[in-house]
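Read-outs: derived from the displayed coordinates by stated rules, not from any lab. This one's a predicted model, so the numbers in the text were calculated from it and none came from an experiment. Every residue, glycine as well, gets a Cβ built from its backbone with ideal geometry; the counts of neighbours run over all protein chains shown.
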Amino acid sequence: MDLTELSLDRKIAQMLLAAYRTHENGMAMARAGAGGIWPIGIPNDQAEPFRRIMRELQSQAAVPLLICTDFETGCGQRITDGSCTEFPSMMAFGALADGEAEDLAYRAGCVVAEEAAWLGVQTTPSPVFDVNTVPENPISNTRSVGEDPRRVARIALAYTKGMMSRSRLLPQAKHFPGEGCQRQDPHHGLEVIDVPLEEMERVHLHPFAEAIRGGVPAMMTNHAIYPAFDPDFPATLSRKIMTDLLRRKMGFDGLLVTDAMEMHGITNRFGPEEAVILAVDAGNDLILEPPEGHRFVEWVRKAIKKGRIETATIDAAVGRILRAKARIGLFENALDMPEPTTPIEQRRQLAVEIAEKSITLIRDEAKLIPVDPRSCNRVFVLEPRHPGHTLEWGLQFSIFGLLEFAGKYHSRCEHALFDAQPADEQIAALAAKARGADLVLVSTFFRSLAGQTGLLTSRQVALLRQVAAAAKHTICVTSNPYVVAELPSIGTHLACYGTNKTSVAAAVDAVFGRLRPQGRVPVTIPDHIDPSKVEIIAHD
């Protein structure tokens, strides 16, 4: 298919990566000619219903769709029935030894490629190529490989090449020009990232430059203002960044996908229609999840008539979209969803290997690790509630606690949850329970979808300070190594870099000596993090 076969309206529609919120709305978007679908409204628990809906969507489309969903930690991040694999976060790969990290990242990417093809997904906004330089970062954090731009580039690119191994998946390197230096979540607001040009080029652009050299087929943008490049517009809406910097200076000619346009960092400042017009004019190809997506074609057509968008911009974008679809054989195999060739047991074992090799003993002042279960008559497991935690929320996103796995080593585990803002009475009661235990296991396993994993509120830190003072021995098992800087009162910290079942199980095995921690921290942990300055977020 080429551009001459499409009317102007159909070309514009190809640039819409529409949200599937209900079955009726999703099918309508497919019939209306959207270039792709973002299936956020489809239940994630069962693979077969998901696959059936993917086939139905493709059957409704005159031009095959790019189905796009987030597989940062593998397809098991979304499909939770056990048919797909969930891997630890990217920072777990950063904790592995050089060489081994790249090999395991490539193999994990190959698994994603197999499972995505089976699910009928053609593009995914992953891997994360951001370099995390801000410990309190509420958006990248452990989603990043770490703070070394060269290691980030090597490991993320290895993951990317694995994802491309079957020539059916288009991974998107994100979030250009770099989200690792943020202190505010763009779901909530628009940040001005005042990082000097030299640092942006040396640190944050480096992985993306390597991704381009490595043949990455797509990139996702970031919603933040970078005065070093453009003081007026966020990157997603900036022609200076998307076209002048990324396309002309850095030489990227692949697909350019916006991050979700419904984020408040964009909509609160510009409004839905103006944001769409600016995003298209900036040089983006696929506009993800704009509010009022049914008006997308109308808005862009009107902007063309007013001279705000050139038809050449539309033609260039749609040309890239059609070439990307052809590259993965979508015009021939849109309904082809081949079974994975690697047995599920092998895929799961790869995730276990990565999780186990990444476990990092950050600090162990009293040499508590490994713990002999026979030395503890009473184990107290203490875990935090997230501001967004409801039972449904926790189960939906595969959050596992220590208790489930500690129980296999010790039958007398008492368990308690503490609140995001614990009252004095709760602090006193939990400190009293800790006083009577031989061992207190503390976890910081909570997360939001944006990636803020395990940094605590001021009141939670105060509670754990009193618990540690009262307890004989306290071990903190954390999904985020930066939490060590919030909890100097706890002398033993073990990092597992994830809240998925495999990572938590590996951490507990390390506590009780079944495996030896061999990971290394891929970031610099500051001496202190002030919890009052940490953005604790909860959104979906």
What FRET efficiency would be calculated for the residue pair residue 345, residue 412, taking the C-beta separation as r and a Förster radius of 41 Å, to the nearest 0.05? 0.80
Karplus-derived HN-Hα couplings along the range 181-188 (A = 6.51, B = -1.76, C = 1.60, θ = phi - 60°), whole Hz, x at Gly and Pro: 9, 8, 10, 9, 7, x, 4, 10
Can you compute the modelled spin-label distance between residue 308 and residue 194, with each label point 7 Å from Cα toward Cβ, in nm? 3.0 nm
Computed, not fitted: 222 nm per-residue ellipticity of the chain from DSSP H runs ≥ 4 (each -39500 (n - 2.57)), nearest 500, equal to -10500 deg cm²/dmol
Under 5 Å, built H, 5+ apart or other chain: amide partners of residue 363: 493
Scalar couplings 3J(HN,Hα) for the range 98-103 by Karplus 6.51 cos²θ - 1.76 cosθ + 1.60 (θ = phi - 60°), nearest whole Hz, x for Gly and Pro, are 4, x, 5, 4, 5, 4
Here are a few candidate values for P(r) over Cα pairs in 20 Å bins from 0, in percent: (1) 23, 54, 21, 2; (2) 18, 43, 33, 6, 0; (3) 13, 38, 23, 4, 4, 4, 5, 6, 4, 0. Which one was actually calculated from the structure I just gave you? (1)
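So, by mean Cβ neighbours within 10 angstrom, what's the order for 40-48, 460-468 with the highest one leading?
Listed from highest to lowest mean packing, they are 460-468, 40-48.
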Around residue 442, which amide H atoms from residues at least 5 apart in sequence, or from another chain, sit under 5 Å from its own amide H, with H modelled in the peptide plane? 382, 475, 476, 477
Between the range 1-62 and the range 330-382, how many Å separate their Cα centres? 34 Å
The summed charge of the residue 126 Cβ neighbourhood (under 15 Å; Lys/Arg +1, Asp/Glu -1) stands at -3
Amide H of residue 175 versus every other amide H placed in the peptide plane: which residues, excluding those fewer than 5 positions away on the same chain, fall under 5 Å? 129, 130
Along the charge dipole of the range 3-333, which of 84, 22, 128 sits closest to the positive end, that is, farthest toward it, with unit charges on the beta carbon of Lys, Arg, Asp and Glu (+1, +1, -1, -1)? 22
Along the range 477-483, Karplus-curve 3J(HN,Hα) (6.51, -1.76, 1.60; θ = phi - 60°) to the nearest Hz, with x for Gly and Pro, reads 10, 10, 7, 10, x, 5, 5
Within the range 194-226, list the residues whose amide N lies under 15 Å from a label point set 7 Å along Cα→Cβ of residue 268. 223-225
